[in-house]
1. Inside the stretch 76-103, can you point out the residues that are loosely packed, with under 14 Cβ neighbours inside 10 Å and assigned to a loop (DSSP other than H, G, I, E, B)?
2. Provide a single number: the residues in the stretch 255-271 that are without any contact (Cβ under 8 Å) to a residue 24 or more places away in the chain and open to solvent by 20 Å² or more (accessible area, probe 1.4 Å).
3. Just to check your reading of the model, which residue among 252, 239 is open to solvent by less than 60 Å² (accessible area, probe 1.4 Å) and over 24 Å from residue 190 (Cα atoms)?
4. Name the helices (runs of 4 or more DSSP H) wholly within the stretch 1-75 that hold at least 3 residues that are more than 24 Å from residue 92 (Cβ to Cβ) and either at pLDDT 90 or above or open to solvent by 50 Å² or more (accessible area, probe 1.4 Å) (or both)?
5. Among the helices (runs of 4 or more DSSP H) confined wholly to the stretch 143-234, which include 3 or more residues that are at pLDDT 95 or above?
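The values are calculated or read from the model by the stated rules, or taken from the named source; none is laboratory data. What you are looking at is a predicted structure, and each value in this text was computed from that prediction instead of being measured. For neighbour counting, all protein chains shown are included, and Cβ atoms are generated from backbone atoms with ideal geometry for every residue, glycine included. Keep in mind that these areas ignore ligands, DNA and RNA; they rest on the heavy atoms of the full protein, side chains included. Shrake-Rupley method; radii C 1.70, N 1.55, O 1.52, S 1.80 Å.
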Amino acid sequence: MFVQSKPVFTPSGRSPRADGDLPREISCLQQAIADNEDQPVCVYANLAEALFQKGDTAAARVALLQARRRETWQLSLDLRFLSVFQNPGFEDERADVLHRLKTLQADQPSVHEQKARVYFQLGHLDACERALREGLARHPTHQRLSRLMVRYLHRIAAWPELATTAERVLQAHPNASPVRTALIRAYTKMGCPERALPFYDDIVSWDDPNAKGLVAFGKALIGCERISEALEVADMAVSVAPYDPSVHSLRSECLAALGRSSEARVARKLTLELRGSSSLSAAVRAKLGRAKRVFSAVWSRLSGQ
């Protein structure tokens with residue numbers, strides 16, 4: 001069987017590349033443009049994104065300008081490059097984005113959603129709320145608007161309204177994992193964690209377990225004083241995301257509540273190591289690898305696999 005050792009880059013599609021692949025990808029895109037400058041917007045946008053990733057800001061801006069000349073819906077490019085525009089030195093680009101948002105007039109729900117999403121990512125929360133509420137007033141059942149409203153309400157810690165909104169979303173889309181996680185957190189913050197307990201089967205038997213959901217449910221179990229069950233959930237979370245400090249923090253909290261002080265200190269130390277270093281030592285990675293193998297047995301037992 002033939003095994004292709006190197007990726008083939010196509011001008012029309014892009015996913016984030018490793019730094020070692022960037023020169024070849026950029027060369028491929030530039031060659032496509034050299035052969036025919038009349039390329040679709042995605043080619044120039046892909047080239048701009050690759051050049052930004054490389055750090056060649058001047059060339060990236062030129063490619064992005066070419067993409068804008070071919071794009072009729074500028075907001076799509078704003079959303080794609082918003083993470084770049086949030087860096088120092090892109091004040092003019094951010095100002096252009098905000099100007100376009102203020103002048104954009106359309107009543108499609110997707111427009112309200114995209115406007116709110118840009119405002120949300122830029123931290124303009126008042127404008128984000130106005131866009132969300134205006135959109136939901138006209139399209140109250142639009143799911144993407146409702147889900148973004150859940151994220152916004154979580155950001156500002158408006159727990160009662162979040163709970164009401166998330167419950168409505170889950171009625172229509174019971175498998176919306178991020179919304180369920182936000183709802184569990186809201187119940188815990190509101191002082192009624194027992195309302196999260198019916199989600200136990202959804203959390204434990206979920207085909208694609210989510211560490212954030214497990215941590216949120218573990219916190220709810222602690223609030224219900226069901227510490228042993230919370231520890232089992234924390235162990236499952238470690239098996240899913242061994243490098244996430246929040247899962248080890250939850251585990252430390254459970255162990256301390258059960259009086260297992262020495263184990264709690266170890267988990268707390270690991271939490272601090274993970275929070276304080278983006279590049280883990282070989283010893284820490286080995287320790288986490290052993291932990292993942294041990295805790296995966298707990299996951300298999302509880303999920304019935």
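1. Within the stretch 76-103, 86, 87, 88, 89 qualify.
2. Total meeting the criteria: 10.
3. On the way: 252 fails: over 24 Å from residue 190 (Cα atoms).
The conditions single out 239.
4. Details: elements: 22-35, 41-54, 57-70.
Fully inside the stretch 1-75 and qualifying: 22-35.
5. Numbers: elements: 143-155, 159-172, 177-189, 200-204, 211-223.
By residue number, 143-155, 159-172, 177-189, 211-223.
Table: residues versus (1) crowded, with 23+ Cβ neighbours inside 10 Å; (2) charged (D, E, K, R).
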site: 168; (1), (2): no, yes
site: 173; (1), (2): no, no
site: 177; (1), (2): no, no
site: 187; (1), (2): yes, no
site: 200; (1), (2): no, no
site: 218; (1), (2): yes, no
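Results for (1) farther than 27 Å from residue 264 by Cβ; (2) not β-branched (Val, Ile, Thr), shown as yes or no for each residue.
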residue: 137; (1), (2): yes, yes
residue: 144; (1), (2): yes, yes
residue: 179; (1), (2): yes, no
residue: 189; (1), (2): no, yes
residue: 201; (1), (2): yes, yes
residue: 224; (1), (2): no, yes
residue: 231; (1), (2): no, yes
